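The values are calculated or read from the model by the stated rules, or taken from the named source; none is laboratory data. Just so we're clear, the structure is a prediction, and the values are computed from it rather than from any experiment. Note: ideal-geometry Cβ built from the backbone for every residue, glycine included; neighbour counts use all protein chains shown.
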Ligand SMILES: [Zn+2]
């Protein structure tokens, strides 16, 4: 795995190929992917999470809402006047933090994801991600000791292959369980971007969490390879905003390499990490 360590690696070279836009809060960095697509990064937390603003003629989609440490709503309002539909790639805390600031919220129609949004994430859980070595330069009004994710109200429950029409631009919802049971990848039919959520990013990909499923993950990878012709590149949700679509092929061959024990690995108490060139996979130990 070649991804160098946070925070020394900031700003990451892979993000700097895009034009940096003005942000209101220093908590966020905004990159312009194209005229109608923005990536909103939270570089000051070790999660290095991205949310994406995807604009159509009539409506905007906000793909995830980040950690809920800064105010992403204000950043979005600065970029567009369009009504916004939030689409969660999945409902882990680091992608749903500012959901509560928005009226329209959609996620995949799966009990696990719906429960996460209905309940939010308690401080008991979230505090583990707020050790002093996990962040720097927090916004002044934010108290890391009280960090939690507020509940949010789902207005749209997506099924596999549902389309979201933004007016001259539509998004296709692809159900890709594995990281979580209702994880989705979102295909942009205008610019041929695939927003992969946590199904793929350059870094340590976790398939050993509560709700994760290794078999589902590899099935989802096989599935994504069947739509690879529709895609020009990937926008993952952590670390580096751009990935070549060929990593979908690398993910497919990763499974064979793991089965044939042709890959370097490290055993932990409940899981095994497998090391590949662009990513690592953390799978549950059998
Ligand atoms: Zn996640």
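Structure summary
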quantity	calculated
Test: residue in segment 247-258 that is crowded, with 16+ Cβ neighbours inside 10 Å and either in a loop (DSSP other than H, G, I, E, B) or within 16 Å of the ligand (Cβ to nearest atom) (or both)	no
Residue check, residue 191 touching a strand residue (DSSP E or B) at 6+ places or on another chain (Cβ under 7 Å), assigned to a loop (DSSP other than H, G, I, E, B) and within 16 Å of the ligand (Cβ to nearest atom)	no
Conditions (1) touching a residue at least 40 places away in the same chain (Cβ under 8 Å); (2) surrounded by 20 or more Cβ atoms within 10 Å (Cβ to Cβ); number of the one not met by residue 112	(2)
Tally, over segment 114-141, of residues that are in a loop (DSSP other than H, G, I, E, B) and within 19 Å of residue 92 (Cβ to Cβ)	4
Pairs with Cβ under 8 Å, 6+ apart, first in segment 131-142 and without any contact (Cβ under 8 Å) to a residue 12 or more places away in the chain, second exposed (fewer than 10 other Cβ atoms within 10 Å of the Cβ) and part of a loop (DSSP other than H, G, I, E, B)	none
Answer from 222, 270, 214, 264 - the residue that is surrounded by fewer than 21 Cβ atoms within 10 Å (Cβ to Cβ) and without any contact (Cβ under 8 Å) to a residue 12 or more places away in the chain	264
Residues that are free of Cβ contacts under 8 Å to residues at least 60 places away in the same chain, buried (at least 19 other Cβ atoms within 10 Å of the Cβ) and assigned to a loop (DSSP other than H, G, I, E, B), drawn from segment 158-176	176
Among residues of segment 34-83, those that are in a loop (DSSP other than H, G, I, E, B) and without any contact (Cβ under 8 Å) to a residue 12 or more places away in the chain, counted	2
Sole exception among (1) within 16 Å of the ligand (Cβ to nearest atom); (2) out of contact with any strand residue (DSSP E or B) (no Cβ under 7 Å at 6 or more places or on another chain) for residue 78, by number	(1)
Any chance residue 126 is at pLDDT 95 or above and either over 19 Å from residue 107 (Cα atoms) or more than 16 Å from the ligand (Cβ to nearest atom) (or both)	yes
Checklist (1) under 15 Å from residue 48 (Cα atoms); (2) more than 14 Å from the ligand (Cβ to nearest atom) applied to residue 237, failing item	(2)
Test: residue in segment 230-240 that is part of a helix (DSSP H, G or I) and touching a residue at least 40 places away in the same chain (Cβ under 8 Å)	yes
Of all residues making up segment 84-113, the number that are assigned to a helix (DSSP H, G or I) and either within 16 Å of the ligand (Cβ to nearest atom) or within 21 Å of residue 23 (Cα to Cα) (or both)	9
Extreme residue, farthest from the ligand (Cβ to nearest atom), among residues of segment 178-188 that are assigned to a loop (DSSP other than H, G, I, E, B) and touching a strand residue (DSSP E or B) at 6+ places or on another chain (Cβ under 7 Å)	182
Enumeration of residues in segment 205-229 that are within 16 Å of the ligand (Cβ to nearest atom) and in a loop (DSSP other than H, G, I, E, B)	207, 208, 209, 210, 211, 212, 213
